[in-house]
Amino acid sequence: MSKGTKTHHDMCGACTNVSLEHTPEGFPQPGEIAEKILSKNPDWSKLHNMIAVAISRRDKLWSEYAENKEVQNMEKVVLFDMDGTITPPRKKITREMTRKLADLSKVAHIGIVTGSGYDYLIQQCQDMWYEIGSVPSSSITLLPCNGTQVYKPDATGRFTASHKVDMRQELGDEVLNTVMTCLTHMQFLHTFNKPPHSLTGHFISYRDSMINWCPVGRNANNEQREEFIKFDTETGARLMAKDMIQKYLALYGIENVVLALGGSTSIDIFPEGWDKTYALQHFQGKDCWFVGDSCGVNGNDRTIYEALKQKDQAFVTSGPEETLEIIDKITESIQRGKNEVGS
């Protein structure tokens, strides 16, 4: 073909609409490849665009495969809520759950992201890495207070703080004092109304990066907790209290404080942005999953659930028994992905 002769590719308007989005840099364009194929067969020129489209689709499939391979090669991290997810509320983790998590730890790192403080996390979950056949501490990250605090094991296997933020420093003394005043008034009102459940102690818990208000008291035993849960289920007491607190803070122009139902008996209060999605910043460049029980509109698992649900890597559980089943599904999915990449 002479130098000045226009090829079918030069004159084919259809070829200009073929997507080049997925064609790797340096690769010949689909239309150019089609022209080379057809240069010796001019009678096939009407097939030019069809060939170009087919090659473009090939490039797209290759791009998707390469992207999927990159994700599959990322370190896997499975994040769990604590109360109502891997443990019954305020109770210790079971041996069955520990063994199931030990199996998961062979294919993924495990993080426990909870609204509770570090002390409660240790009380309920330490058997997870101390029992025979348990999860190696090197495969665990503890993320109390929505992940605004991080504890990782040192060389001896003991968990030490590697990250902490301070709510008072973030909001300032005036705002924090207003929040505490409001919660004190709310507890007084709740007590004054003589609720049909026991009142124990430790109603307001300041955890540096979060405040937890528990109308029945954190000192409640199982029976007293159940009394309050029944009362709250029938009356919606916590939702009404949450609404009242938000309106009170709005009167003082405080709009950067968030409230979420914590567990079955309390309300978590924290600065905007310090919900459980905060924990994800500690695992940048890693492929994260999440399992939690409080993923509804007012639940403290909602934000992280919605963030990871976009990748179908977030699960709602009704309790530890269902969590055991979900762990099996996640383990199988991760193993299947590794096998596909390796094949």
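The values are calculated or read from the model by the stated rules, or taken from the named source; none is laboratory data. The model shown is predicted, which means the values in this text are computed figures rather than measured ones. Heads up, the Cβs are rebuilt from the backbone with ideal geometry, glycines too, and the neighbour counts pull from every protein chain shown.
Here are some notes:
- Residues of the stretch 112-139 that are touching a helix residue (DSSP H, G or I) at 6+ places or on another chain (Cβ under 7 Å) and surrounded by 22 or more Cβ atoms within 10 Å (Cβ to Cβ): I112, V113, T114, G115, M128, W129, V135.
- Residue ranges of strands (runs of 3 or more DSSP E) in the stretch 83-186 with at least 3 members more than 24 Å from G299 (Cα to Cα) and over 19 Å from the mean Cα position of the chain (by Cα): 159-164
- Unique residue being outside the structural domain of R218 (by TED's automatic domain parsing) and at pLDDT below 95 when the list is T156, T160, T148: T156
- Among the residues of the stretch 218-233, none qualifies, meaning not one is crowded, with 19+ Cβ neighbours inside 10 Å and assigned to a strand (DSSP E or B).
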